[in-house]
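The block underneath contains the structure these notes are about, expressed in structure tokens.
The values are calculated or read from the model by the stated rules, or taken from the named source; none is laboratory data. Predicted model, so just to flag it, every value in this text is computed and none were measured. Neighbour counts run over all protein chains shown; Cβ positions are idealised from the backbone, glycine included. The accessibility values were calculated without ligands, DNA or RNA, using every heavy atom of the protein model including side chains. Shrake-Rupley method; radii C 1.70, N 1.55, O 1.52, S 1.80 Å.
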Amino acid sequence: MAPNPMKQSANSTTTTIANKEILVRETMRISANLASPPQPPPPSPIVGIICCEEMDGRRWKYLAESDGFGGFKKNSFLPVSLNSNHPRDPLHEVLSFVTSYVVPEGFPDSVTPSYVPYMTWRALKHFFGGAMGVFTTQTLLSSVGVCRNRAAPGAVAINWILKDGAGRVGKMLFARQGKKFDYDLKQLRFTGDLLMELGAGVELATAAVPHLFLPLACAANVLKNVAAVTSTSTRTPIYKAFAKGENIGDVTAKGECVGNIADLLGTGLSILIAKRNPSLVTTFSLLSCGYILSSYREVKSVVLHTLNCGRFSVAVEHFLMTGQVPTLQEGNMNENIFSFPWKDRPVVLGSRIKEAFQDPSAYVAIEPLFDRERYIVTYNPSKHKVYAVLKDQAKSDDILKAAFHAHVLFFSLMKSLNENKASSLKQREDLSNMTHTVADIEARIAGTCKTVADSYGCFKNKAKEQVIKQ
């Protein structure tokens, strides 16, 4: 059947009209889009510089992102290094790491010019002495008949030297404690004695597992050499506290003589006891208890004339409670010997801004309170610590005042727990149980500013009086 030409013509006309309508609509839509103004891009976050910081020759600027309502977004406090265009030479980094082990802090300004030649010749002396020690040890072991085999004395000597070498490495690594030997010497001295006893216990363990002699002997020697570092490093400051004139050498010599006499007497007693074949574990346990107890009483009896964090905390707490500064004897007796230097402490002096402040809004709110001071004191609830940030050109009196203010804030926060004195002493090193709002923290800091302004001068004068009395 042939198609109807009239019907085909009608369908073609309808399709053409529909295509034209679609084309017109698209043209009008495109024209409208071109005529309308372009949509603005989403607003970029506003970033502002809050403050700048410099420490050990390196500088940072702190940026914060605005929340669009006159404040700052949380966790937007970002330190940006200003030294990024001038990165440190890797060789300089290596040299800095090495010097942190072999020279005192603040070198060369912290020592006299004669220090360098003295240590140079001392290092050469120990170099030749260490080289000779290998041959003398090998000869001694061969002389006492360790083994008639020619290779045996050398092998035994090498094992013995490895044991001593491990101890020297441990001694070198622990020497990086630096100034802690000066201001936390009681804690380090007691720690060294504990390590000495631990090393002696490891040595005794070699009798039970002789096939592990070398690793156990190395571990014991590391512990005992670390203990030796603490003993020699803290000896002079302790003897200096006893000397009243230019007699530090005499005091040191007599003190070492007393120690040697007591050591000889103890050695003689142990020989007499060993002849009766007593229980090794029982004897060692009793002697260790006596050693540790004597060490604790030894460091507690030392009266140092300087303030470290522990003694300063005792002085501030006593002053806030009684209005009086404790004597040197009272401050030393109440110092916590078990507060080891590597433990986190609730009060941090001289910290970085990024450690002290959790959010930029906290810094902006607290900073005006310290416009006239060369420090800023705050409490970081995320880290449960009180921080004292030192400003540029802070002097010794500013640092002392910052430490006083930080401890006043710390004890103010502790007081909020409404606990008795025993509980306060127990939790003195832990603020993790505290929960404070940002407004509460800001109010307490503002309150401590008034307390410090009224009492710091009195505290300093009474502390000077105690020093003069001595």
- Query: What is the residue count in the range 224-268 for residues that are open to solvent by 40 Å² or more (accessible area, probe 1.4 Å) and not in a helix (DSSP H, G or I)?
  - Reply: 4
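If I ask for residues that are in a helix (DSSP H, G or I) and of a type in the set (S, T, N, Q), which ones from the range 348-396 would you list?
Going residue by residue through the range 348-396, those that are in a helix (DSSP H, G or I) are 353-356, 360-370, 396.
Matches in the range 348-396: SER361, SER396.
Here is a check on your reading of the model: is PHE69 aromatic (Phe, Trp, Tyr), within 23 Å of TYR375 (Cβ to Cβ), modelled with pLDDT of 65 or more and outside the structural domain of SER382 (by the TED database)?
Details: aromatic (Phe, Trp, Tyr): yes; within 23 Å of TYR375 (Cβ to Cβ): no; modelled with pLDDT of 65 or more: yes; outside the structural domain of SER382 (by the TED database): yes.
The answer is no for PHE69.
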- Query: Of the residues in the range 36-66, how many are in contact with a strand residue (DSSP E or B) (Cβ under 6 Å, 6 or more places away or on another chain), at pLDDT 65 or above and open to solvent by 100 Å² or more (accessible area, probe 1.4 Å)?
  - Reply: 1
- Of the residues in the range 393-416, those that are open to solvent by less than 10 Å² (accessible area, probe 1.4 Å) and more than 15 Å from PHE312 (Cβ to Cβ) come to LEU413
- Just a yes or no: is a residue in the range 308-322 under 23 Å from the mean Cα position of the chain (by Cα) and part of a loop (DSSP other than H, G, I, E, B)? yes
- Please work out which residue is surrounded by the fewest Cβ atoms within 10 Å (Cβ to Cβ), limiting yourself to the range 107-118 and to residues that are part of a helix (DSSP H, G or I) and at pLDDT 75 or above. PRO117
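Confirm whether LYS179 is under 29 Å from GLU105 (Cβ atoms), outside the structural domain of SER339 (by the TED database) and at pLDDT below 85. Break it down stepwise before answering.
Working: under 29 Å from GLU105 (Cβ atoms): yes; outside the structural domain of SER339 (by the TED database): yes; at pLDDT below 85: yes.
Criteria met by LYS179.
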